[in-house]
Structure formats: C-alpha cells, structure tokens
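Inspection log for the structure reproduced underneath, given as structure tokens.
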Amino acid sequence: MRLPWTHGRRSAITFVKLVTSIDPDVVSGFCFRGRLARPGETVGAGELAGAVVLECAGSDGSGRRDSPYLYILWVWEEQAWREVARTWAQSWEWALELAPVARRILERGGGLRKVVSIASVVQRIRRELDGELAELPPQERRKVVGILHDEFAVRFSGEWKMAA
C-alpha cells in the first residue's frame, strides 16, 4: 500500500508519519506518536491498522524563507486514501489544528478499517430490495413496501434503539 505523496516532489521538508497515538501532554508536532516514513513509500496493510497518516507535503513553492508548509491528515477508507483535514503553517501551529482531529479518529478505531459511506449502504439496500421485489407479483410488492414502511417508522419513532 503506497502512502500519500501529495506533490510528488521531494522538497527540503516532506515526510509522512503513521500516527498511532496523540500525546495530550505535548503541544507541538511531537504530540503525534508513530513511525516516520517517506511520502509515497510502500508499507504493509498491517502497519496501517489503527493509524492515521500525517503528511507534511512541503512548502507553498514560493521559495521564500518564511513559506508556509502544507500538513494533511489521511485515513484509508474503501481502498483509497481520504483526506480528513489540512492546514498551512509556518511553524508548529499546524499541530494545534490537526491533533484534535487525529485524536478523534484514533479513538473511534483509526484509519484502516472498513468505513462505509452512506451512499454505498443505500445503493446496496436498494439493489437488494429491487432484486427481492422483482420476484413478487405487483400486489405482493405493495404489501412488502407497506410492511417496510412500518418497520422504518418504528425505528425512526424512537421505540427501537439503533445500535451506535
């Protein structure tokens, strides 16, 4: 699995960190605990288990000494990298913005896990429903849809507790 490499060029400062925890007692980039790697490096899926990836993608390219650098948080979802947050910074202040985001992701189980989008869930349910309904005569389809309506109504009325 190739790690993110946003700009595809090596500048003086680019790196990737496989973040496995956030140290709440540290207020700087050192609060991001994990292994450093090179952007675009290939790593095993096991190395990403439960991790968030922090990328320092380099400067804005202006060549100025005080140029801001781009910092991006990534997670691996549905066989692709998804950007979670980004910020530009000239110093360590990027950590103030990105550490809380990374902490929340790590607390929910990290980046490498199957996170399913709402659209894909709806698409699978619709496909399954259409397949089942196609096997029934029109009158029976209406009955099934009526029963499903009531099932949804119970769930949305609060009588049925949805699993968190």
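The values are calculated or read from the model by the stated rules, or taken from the named source; none is laboratory data. Please read these numbers as outputs of a predicted model, since none were measured by experiment. When we count neighbours, we look across all protein chains shown, and the Cβ atoms used for this are built from the backbone with ideal geometry, even at glycine.
Conditions (1) among the charged types (D, E, K, R); (2) over 15 Å from Leu73 (Cα atoms); (3) over 19 Å from the mean Cα position of the chain (by Cα), marked per residue:
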position: Leu18; (1), (2), (3): no, no, no
position: Ser21; (1), (2), (3): no, no, no
position: Val27; (1), (2), (3): no, yes, yes
position: Cys31; (1), (2), (3): no, no, yes
position: Leu36; (1), (2), (3): no, no, yes
position: Gly40; (1), (2), (3): no, no, no
position: Gly46; (1), (2), (3): no, yes, no
position: Val52; (1), (2), (3): no, no, no
position: Gly58; (1), (2), (3): no, no, yes
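Picking from residues in the stretch 27-57 that are modelled with pLDDT under 90 and touching a helix residue (DSSP H, G or I) at 6+ places or on another chain (Cβ under 9 Å), the one that is surrounded by the most Cβ atoms within 10 Å (Cβ to Cβ) is Ala51. Candidates are the residues of the stretch 58-84 that are of a type outside the set (Phe, Trp, Tyr) and in contact with a helix residue (DSSP H, G or I) (Cβ under 7 Å, 6 or more places away or on another chain); the one that is surrounded by the most Cβ atoms within 10 Å (Cβ to Cβ) is Leu73. Here is a list: Ala134, Ala99. Which entry is of a type in the set (Gly, Ala, Ser), closer than 30 Å to Thr6 by Cα and at pLDDT 85 or above? So the residue among Ala134, Ala99 that is of a type in the set (Gly, Ala, Ser), closer than 30 Å to Thr6 by Cα and at pLDDT 85 or above is Ala99. Among residues that are surrounded by fewer than 15 Cβ atoms within 10 Å (Cβ to Cβ), among the aliphatic types (A, V, I, L, M) and either closer than 27 Å to Gly46 by Cβ or in contact (Cβ under 8 Å) with a residue 40 or more places away in the chain (or both), Leu136 is not included. Restricted to strands (runs of 3 or more DSSP E) entirely inside the stretch 1-92, those with at least 2 residues that are within 19 Å of Glu107 (Cα to Cα) and of a type in the set (Lys, Arg) are 32-37. Please verify whether Trp88 is surrounded by fewer than 18 Cβ atoms within 10 Å (Cβ to Cβ) and at pLDDT 95 or above, treating the condition exactly as stated. Judged against the criteria, Trp88 is a match.
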